[in-house]
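The values are calculated or read from the model by the stated rules, or taken from the named source; none is laboratory data. Since the model is a prediction, treat every value here as computed from it, not as a measurement. Note that we place each Cβ from the backbone using ideal geometry, even for glycine, and neighbour counts take in every protein chain shown. Just the protein is used for accessible areas: all its heavy atoms, side chains included, with ligands, DNA and RNA removed. Shrake-Rupley method; radii C 1.70, N 1.55, O 1.52, S 1.80 Å.
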Amino acid sequence: MKVWVTDREKFEFFLEKILADSVLYANVEDQEGQVHFERLPKEELTRVCIEKARALETTKALFFPPRTKVAQYPSASPAEITATKSTVVGIRACGLKALQILDRVFTDDVMDPFYQAKRENSTIITCDCTEPWETCFCTEVGYKPYPESGFDLNLAPLDGQILVEVGSEKGEALVAEHSELFAEPEKGLLEKMKAKRKAVVQRVKEINARFHAAAPYQEAVKKQLINPLWAKQGVAYSCVECGACTHVCPTCRCFLLVDEQVGDHSERTMVWDVCFYPGYWRMAGNLSPKPRLLDRFQNRFSCKFDYFVDNYQAIACTGCGRCIQACMGKIDIRQCLSELLAADKTSKK
Amino acid sequence: MAKAQNPYYPIETEILEVIEETPTIKTFLLQPQEPIPFKAGQFMELTVPGLGEAPFTPSSSPLQTEKMEITVLRTGTVTDALHEMKAGQKLGLRGPFGKGYPVEKLYGKEVLVVGGGVGLAPLRSLIYTLLDDIGKFKRVSIKYGARTPQELCFRSEFEEWGSKKGVDMKVTIDLPAPGWTGTVGLVTVLLEKLNIDLKNSYAVSCGPEVMLKFVTLKLLEEGFEPEQIYLSMNRNMSCGVGKCGHCIVGRYFLCKDGPDMCYADIMDVPNLFG
Ligand SMILES: Cc1cc2nc3c(=O)[nH]c(=O)nc-3n(C[C@H](O)[C@H](O)[C@H](O)COP(=O)(O)OP(=O)(O)OC[C@H]3O[C@@H](n4cnc5c(N)ncnc54)[C@H](O)[C@@H]3O)c2cc1C
Ligand code: SF4
Ligand code: SF4
Ligand code: FES
């Protein structure tokens, strides 16, 4: 789609304008060079970080928060479902893919109106990755470190300028309203952007060369997850069931509906749940179809790399690497995948 | 936004009557604020206000649309509270969810209905559906087992069901009991040497998962194909609408694609029965 060029000063001016009726969530860099995702006051636009790569925190929490009140009853009629308008700056390709995956779950034949309202009321301004982290492996999963579709606007920082790609009608309208802030890119700039993107792809591949963990995974996951060698000696063994990996994961979407009495009425809250927890599967009489930790560990892999592919035609892992950073047992998902792929290769010999 | 658009909102429902089926099983006759049409095998999420939800398949006939019966075994937090409730008190209902039984597929066939314990409750809505239109089926054989005679659910209806033309009703209890003159043994004993037209049969089963496992093994041994066996996979559930993840079995969400699953679709799932 159409690409414009602007600079940092004009971009901040643009943000200020479009924030008139919405709140801002953006990436910011801390003193250690780590990138975080925060709600930012309008006065702090200079802090918005569009360089580097994805934030430590996932944008999932904005659309699917850890706790959402979904019903108050009894009442004559259920409350109206609304969402504050938000502008989100800094989501990376991996985060956007994750949102597209959540879209399929929450807005399929039965609509989740809470998720839907938040999605509808947000403007998504994504960014190209410029410096991937050591844990990034989007390229191995088959995704790219720059967004290709599904954003309103995408920013690609380049030599002190910012290339702004329009990705939707909403994005087009925003640019048109403030056309004085955007110019036609001069000759050669787009080629330069492409070259830079290529270099970043190369960089992510270099980071991951030692793992040999490139997609596709489905067949290996189907056949090798139950391979006792993988199960007994593989990395799965150091899992301590803390649930950190699923909480930080932008595509994990398991939840539980919890009811409580609040004064004279009852409330129902949707809270994040974790498929590693024994209680997640627990049935009446304390029975469970997944009594061993290993059964539950396997579920995470089957869910992301097998079932999701069948049900939603996408791998439910975007290669963001957050779970690698979060794991108490130092489990690296790339290592798990690599072991599965290797086991599958051996079994075919 | 209208009620129907929030899939998590419970419809207010009044308890009209509580029927004691066995010392641990009660049937609740319910009147939701608005009628909830359902198909046999589809299930509801029932709310005990302020405490929580649990999934149950109605035990009443789908033809009875104004009211609904749900038959509940007392077994934990939600069901304990439910068993303490009385006529006139309020509950919540969401649903119906799931596909329901493939009743049309059963037309012209012999239908084997195999239940264990409170598992006869979800099957009762199917039994009513089958018996109501009995001419459409070659034969309906009901095989039901419970631990003791006292724990047999809907016992007062057995005679009526069994006396219908085209219906064969057999009951067993796990261990001998004083005064019991009927069959003794697990429900699988009723599946020995089935005198049926194998090629034109379907089996439908509901009960504890260990029972489903042994029923399946027995049916396969008797010559059934996996395609001819339907199992009620009543696993942990929360949302009912294919989002929360809890009910996944292989690639299927039981709340959407089940809860009654064709065994052929799930037989390759590793450690299917845990
Ligand atoms: C589709 C379907 C149809 C069903 N139909 C019927 C029916 O017709 N009749 C019938 O009697 N039963 C039926 N059941 C079974 C019924 O849903 C269970 O018996 C019921 O959920 C038990 O709820 P409880 O709160 O009383 O039991 P509990 O054992 O207290 O709780 C079971 C539920 O609460 C959660 N839970 C409780 N304690 C903990 C804990 N400490 N940590 C984590 N999680 C916990 C479990 O994960 C589980 O979801 C059906 C089930 C399904 C899925
Ligand atoms: S995984 Fe890829 S897209 Fe995500 S932050 Fe890293 S480089 Fe960027
Ligand atoms: S599984 Fe790990 S790498 Fe994949 S999307 Fe989730 S957090 Fe990111
Ligand atoms: S009960 Fe939530 S996905 Fe099935």
Could you tell me which of rounded, prolate or oblate describes chain B, using a ≥ b ≥ c as the square roots of the eigenvalues of the alpha-carbon gyration tensor, with rounded for a/c under 1.5 and, failing that, prolate when a/b is larger than b/c and oblate otherwise?
prolate
Diffing the range A:187-201: the Karplus 3J(HN,Hα) column from phi (6.51, -1.76, 1.60, θ = phi - 60°), in whole Hz with x for Gly and Pro, holds 4, x, 5, 5, 5, 4, 5, 4, 5, 5, 4, 4, 5, 5, 4
Under the rule a/c < 1.5 gives rounded, and otherwise a/b versus b/c splits prolate from oblate, where does chain A land using the Cα gyration tensor?
oblate
Taking 60 Å as R0, compute the FRET efficiency from the Cβ-Cβ separation of A:GLU219 and A:GLN34 and round it to 0.05.
0.95
Need one number: % antiparallel among DSSP beta bridges in chain B, to the nearest 5.
55
Quickly work out the A:ARG8-to-A:THR346 label distance, labels modelled 7 Å from Cα along the C-beta direction, and quote it in nm with one decimal.
5.2
Give me the distance in nm between label points sitting 7 Å out from Cα along the Cα-to-Cβ direction at B:GLU227 and A:LYS187, one decimal.
6.7
Could you pull out every residue, at least 5 positions away or on a different chain, whose amide H is within less than 5 Å of the one on B:LEU112? Hs are placed 1.01 Å off N in the peptide plane, and Pro or chain starts have none.
B:SER141, B:TYR202, B:ALA203, B:VAL204
Among the listed pairs A:LYS290/B:LYS99; A:LYS290/B:LYS90; A:LYS144/A:LYS330; A:LYS194/A:LYS330, which have their C-alpha atoms separated by more than 30 angstrom in this model?
A:LYS290/B:LYS90; A:LYS194/A:LYS330
About its Cα centre, how strong a charge dipole does chain A have in debye, to the nearest 20, once Lys and Arg get +1 and Asp and Glu get -1 at the Cβ?
1720
Helix-only mean residue ellipticity at 222 nm for chain B, each DSSP H run of n ≥ 4 adding -39500 (n - 2.57), per residue, nearest 500
-4500 deg cm²/dmol
Give the separation of the Cα centroids, the range B:50-95 to the range B:1-41, in Å.
6
With DSSP loop assignment and no more than 13 other C-beta atoms within 10 Å, the GluC sites (Glu not before Pro) in the range A:18-49 are A:GLU32
Diffing the range B:61-77: the Karplus 3J(HN,Hα) column from phi (6.51, -1.76, 1.60, θ = phi - 60°), in whole Hz with x for Gly and Pro, holds 6, x, 6, 8, 9, 6, 10, 9, 10, 10, 10, 10, 8, 6, 8, x, 3
GNM on chain A, Cα springs under 10 Å; top mean-square fluctuation among A:LEU337, A:LEU256, A:LEU24 goes to A:LEU256
Shape box of the range B:3-97 [Cα atoms, principal axes, largest first, Å]:
37, 30, 23
In nm, give the distance between the simple-model label positions of B:ASP133 and B:GLN89, each being 7 Å from the Cα along the Cα-to-Cβ direction.
3.7
Taking only DSSP H segments of four or more residues, each worth -39500 (n - 2.57), what value at 222 nm results for chain A once the sum is divided by all its residues, to the nearest 500 deg cm²/dmol?
-10000 deg cm²/dmol
iface A-B | buried accessible area, total | probe 1.4 Å | Å², round 100 | 3500
Keeping all protein chains in the complex and leaving out DNA, RNA and ligands, what accessible area do you get for A:TYR73 with a 1.4 Å probe, in Å² to the nearest 10?
10
Accessible-area composition of the protein assembly as shown, carbon plus sulfur, in percent [1.4 Å probe]:
53
Which of the pairs A:LYS198/A:LYS223; A:LYS10/A:LYS187; A:LYS304/B:LYS243; B:LYS39/B:LYS86 have their Cα atoms more than 25 Å apart in this structure?
A:LYS198/A:LYS223; B:LYS39/B:LYS86
Taking the range A:249-304, which trypsin sites (Lys or Arg not before Pro) meet the DSSP loop condition and have no more than 14 other C-beta atoms within 10 Å?
A:ARG292
Full-extension gain in nm, A:HIS212 to A:GLN313, via 0.36 nm per residue minus C-alpha separation
34.0 nm
How much length, in nm to one decimal, is gained on full extension between B:VAL184 and B:LEU16, taken as 0.36 nm per residue of separation minus their Cα-Cα distance?
56.8 nm
Tell me, what is the FRET efficiency for A:LYS17 and A:LYS330 to the nearest 0.05, using R0 = 51 angstrom and their Cβ-Cβ distance as r?
0.65
May I ask you to list the trypsin sites (Lys or Arg not before Pro) in the range B:117-216 that are in a DSSP loop and have at most 11 other Cβ atoms within 10 Å of their Cβ?
B:LYS165, B:LYS193
Of A:ALA176, A:ALA314, A:ALA284, the most mobile residue in a GNM of chain A (C-alpha springs, cutoff 10 Å) is A:ALA284
Using only Cα atoms, tell me the angle between helix B:209-221 and the longest principal axis of chain B; keep it within 0 to 90° and round to the nearest 10.
30
If you build the convex hull over the alpha carbons only and average its shadow over all orientations, what do you get for the protein assembly as shown? Give it in nm² to one decimal.
32.3
When a/c reaches 1.5 or more, the comparison of a/b and b/c decides; with that in mind, is the range A:154-297 rounded, prolate or oblate per its Cα gyration tensor?
oblate
With θ set to phi - 60°, apply the Karplus curve 6.51 cos²θ - 1.76 cosθ + 1.60 along the range A:76-84 and write out the HN-Hα couplings as whole Hz, x wherever there is a Gly or Pro.
4, 8, x, 4, 6, 9, 10, 8, 5
One can check that the equivalent ellipsoid of the range A:71-167, built from the alpha-carbon gyration tensor with semi-axes equal to the square roots of five times its eigenvalues, has lengths in Å, largest first, of 33, 16, 10
